[in-house]
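Each remark here refers to the structure printed beneath this line.
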Amino acid sequence: MDCLIKDFAQHVGEVVTMKGWSYNVRSSGSIVFLQMRDGSGFTQAVVAKPTVSEEVWNAASRLTIESSAIVTGTVTKHPKQEGVYELQVTDVQPIQIAEEYPIGKKEHGPDFLFDHRDLYVRSKTPWAVLRIRDRVFLSIEQFFHEEGFIRFDTPIIQPTSCEDTTQLFTVDYYETPGYLSQSGQLYSEAGIMSFGKVYDFGPVFRAEKSKTRHHLSELWMMDAEMAFHDQTMNMDVQERLVKRMVKDVLEHCQEELKILERDTTILQKLVHEPFVHLKHAEAKRILKEEGLITKETYDDTYWQDDMSTEEEIALGNKYQLPVFIEDYPAQIKSFYMKRFVDAGGVLRARCADLIAPEEGREIVGGSQREESYEALKKEIVDRKYPLEKYEWYLNTRKYGSVPHSGFGLGLERTVRWICGVHHVRETIPFPRLLNRMEP
């Protein structure tokens, strides 16, 4: 009977057949220990010379690291480790004997491992991270369909930008300049006038010349838009989504979290506790007065600036929960955000960034969108954007405009935080960075 390693617990005492790869091989006299992997999990297959034929013994002895094989045996409980199962082998059928594997047991630097990413994805750490990524993706899809959204896929090649035009990748689109998408948001806003609530999920591209551990040039973004939702309702949807993702990972990815040695204390806490809400000005004041960051001066620039990496990390450390930073100064935010003047006379955007604890930084950014045709057109003109490129977007405000809100979630940043890994490049199968386009 064919059986996946993940299902061994249901077949103790039974003879099963697994198909996979020997990620490690060691022998001790008359016993060969095959560390096997089949995609669903990991197990030890024990080949005892006295209990198998000479043909089977020779076949097992030939296996090298990353050889592929079909292995048959009886499932048994590990003698010392609770919840771990082994295979007492009766038959081994090699499929391919691998050459000497370039990734050895010794320590390798990150550049070497990412130069060999096509092979390194077989190792336990990337296996665990990428399976958690898959669960997060599935959780997001399930959440939105349960909430009445439809998936509304938006174009990757676009005629203009919805954000910073200096970070666009240009492509030759039939001899006309086009740009790789930074976000599907503007198109999703058109979609809500038909469907009410939509989301899209796909690759986006940022030509940002940064080498930090927080940046990728190609990443996956989920953008959601909702008609008749103000910013308060918008943040409520975001909070429920993040809680759902984390809850699903804690429930379905226990083995993966164990491999990563992830302390899940804060993850478990946030599933049940409300997230923190701070106004931008309040957050800046707390950072200054409590000495959470070190600055030589706190001039006007400090109070009008975006949150720095240091500031986001400090707030996450303080609250040990996700933190919504609300109402940034409008001058540092995107043109499509609804604006208002606060009690202090500062022009602000009705927006929020969701900062994850444990150095997760910003994982979600959202806002209430400007629904007025005239106000939106004025902002585009004032910013000296090419008005003709945005006529189609302005049309969404000409015909039946309604109050609406939306947000974008960066998949890799979210997975990095949930997994507790150091670098965002670990959270995508084949990362594209400023200095990496291979393999």
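If a/c stays under 1.5 just call it rounded; otherwise compare a/b with b/c (prolate if a/b is bigger, oblate if not). Do that for segment 275-388, with a ≥ b ≥ c from the square roots of the Cα gyration tensor eigenvalues. Prolate.
Counting every other Cβ atom within 10 Å of each residue's Cβ, Cys253, Cys419 order from fewest to most as Cys253, Cys419.
Using unit Cβ charges (K, R positive; D, E negative) and no other charged atoms, how large, in debye to the nearest 20, is the dipole of the chain about its Cα centre?
380 debye
Rg ratio for segment 168-235: its Cα radius of gyration over 2.2 N^0.38 Å, N being its residue count, equals 1.37. Computed from Cα positions, the angle between helix 231-252 and the longest principal axis of the chain comes to roughly 0 degrees.
Residues with amide H under 5 Å of Glu370's amide H, sequence separation 5 or more or different chain, H placed in the peptide plane at 1.01 Å from N; which? Hits under the 5 Å cutoff: Met337, Lys338. The amide H of Val204, built 1.01 Å from its N in the peptide plane, has Leu219, Trp220, Met221 as neighbours under 5 Å, considering only residues 5 or more places off or on other chains. Look at the alpha carbon pairs under 8 Å that are at least 6 residues apart: their mean separation over the length of the chain gives a relative contact order of 14 percent. Taking θ as phi - 60° and the Karplus parameters 6.51, -1.76 and 1.60, the scalar couplings of segment 413-423 work out to 5, 5, 5, 4, 5, 4, 7, x, 7, 7, 10 Hz in sequence order, x denoting glycine and proline. Look at the alpha carbon pairs under 8 Å that are at least 6 residues apart: their mean separation over the length of segment 5-96 gives a relative contact order of 32 percent. Among beta bridges identified by DSSP and lying wholly in the chain, the antiparallel ones come to about 90 percent. Seen through its C-alpha gyration tensor, with square-root eigenvalues sorted a ≥ b ≥ c, segment 16-88 comes out oblate because a/c lies at 1.5 or above while a/b is not bigger than b/c. In order along segment 68-79, the Karplus-derived 3J(HN,Hα) couplings, from 6.51 cos²θ - 1.76 cosθ + 1.60 at θ = phi - 60°, round to 9, 7, 10, 10, 10, x, 9, 6, 10, 6, 5, x Hz, and Gly and Pro are given as x.
Residue order for Phe8, Phe114, fewest other beta carbons within 10 angstrom first, comes to Phe114, Phe8. For segment 121-132, putting each phi into the Karplus relation 6.51 cos²θ - 1.76 cosθ + 1.60 with θ = phi - 60° gives couplings of 4, 7, 6, 5, 5, x, 4, 5, 4, 6, 6, 5 Hz, in residue order, rounded to whole numbers and with x for Gly and Pro.
Fewest neighbouring Cβ atoms within 10 Å first, the residues Val346, Val323 line up as Val346, Val323. Counted over the chain with a bin width of 20 Å, the fraction of Cα pairs per bin, in whole percents, is 22, 47, 24, 7, 0. Shape analysis of segment 329-381 places it in the prolate category; the axes a ≥ b ≥ c from the Cα gyration tensor give an a/c of at least 1.5, with a/b above b/c. Amide H contacts of Gly41 (H built 1.01 Å from N, in plane; Pro and chain starts excluded): Ile5, Lys6 sit under 5 Å, all sequence-distant by 5 or more or on other chains.
Every number in this text was worked out from the coordinates using simple rules, so none of it is lab data. Every value quoted in this text rests on a predicted model; they were computed, and no experiment measured them. Note that each Cβ is placed from the backbone with ideal geometry, even for glycine, and that neighbours are counted across all protein chains shown.
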